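Trainee: Questions regarding the structure given below will be posed in turn.
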Amino acid sequence: MKILIASTFLTVGIGLVGSMGLFLAAGAEEHTTSSATHQMTPKFPKSDKCTTSAPCRDVIGEIVRVEESYWIKMPNGHETHMRVTADTKMDSRVKVGDPIAAQLTSSGTADAIKKLKELPKPTELSIEKQTKEVEEPTTLKDMRQK
């Protein structure tokens with residue numbers, strides 16, 4: 001009976017240690033990815049508007065239009081917008097076509113904007129294209145036959 005209990009504890013212990021190793025490896029991979037993103041973004045001064053409960057995010061891109069908001073096209077092709085207020089800190093005046101880096105509050109307001117000399121090139125992903133071509137309509141019956 002004692003041997004059975006001891007082997008159970010040993011098995012559970014090995015499982016816990018193994019899962020911790022996977023967790024740490026995943027955390028290290030995530031840290032590497034985020035540090036690569038931070039290398040492209042210029043450092044912004046600390047702001048009291050950026051807190052743990054309302055974090056800020058950094059955006060890099062080109063200004064594509066200025067209306068009530070500034071619309072930014074990021075290197076990955078996505079667009080986002082930000083509100084610019086009198087409290088927004090700017091290095092210099094920006095216009096359509098300028099590459100910028102901005103620090104956005106959780107509400108979408110720009111806390112700081114820096115004009116860049118050029119946009120960083122998007123990194124090539126090693127993931128295959130995620131769009132798939134439609135060959136022909138497939139039914140459940142067709143899938144079962146394959």
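The values are calculated or read from the model by the stated rules, or taken from the named source; none is laboratory data. Just so it is clear, the model here is predicted, and its values are computed rather than measured. Note that we place each Cβ from the backbone using ideal geometry, even for glycine, and neighbour counts take in every protein chain shown.
Trainee: State all residues of segment 72-86 that are free of Cβ contacts under 8 Å to residues at least 12 places away in the same chain and either under 20 Å from LYS43 (Cα atoms) or touching a Gly at 6+ places or on another chain (Cβ under 9 Å) (or both); if no residue qualifies, say none.
Mentor: HIS78
Trainee: Taking THR138, is it β-branched (Val, Ile, Thr) and modelled with pLDDT of 90 or more? Give the steps one after another, and end with the answer.
Mentor: On the way: β-branched (Val, Ile, Thr): yes; modelled with pLDDT of 90 or more: no.
No: the conditions fail for THR138.
Trainee: Additional query: If you scan segment 92-104, which residues turn out to be surrounded by 13 or more Cβ atoms within 10 Å (Cβ to Cβ) and either at pLDDT 95 or above or not hydrophobic (A, V, I, L, M, F, W, C) (or both)? Step through it out loud before you land on a result.
Mentor: Going through segment 92-104, the residues surrounded by 13 or more Cβ atoms within 10 Å (Cβ to Cβ) turn out to be 94, 98-104.
ASP98, PRO99, GLN103 - these are the residues of segment 92-104 that are surrounded by 13 or more Cβ atoms within 10 Å (Cβ to Cβ) and either at pLDDT 95 or above or not hydrophobic (A, V, I, L, M, F, W, C) (or both).
Trainee: Okay, moving on. Please work out if LYS114 is among the charged types (D, E, K, R) and modelled with pLDDT of 90 or more.
Mentor: Working: among the charged types (D, E, K, R): yes; modelled with pLDDT of 90 or more: yes.
So LYS114 passes the test.
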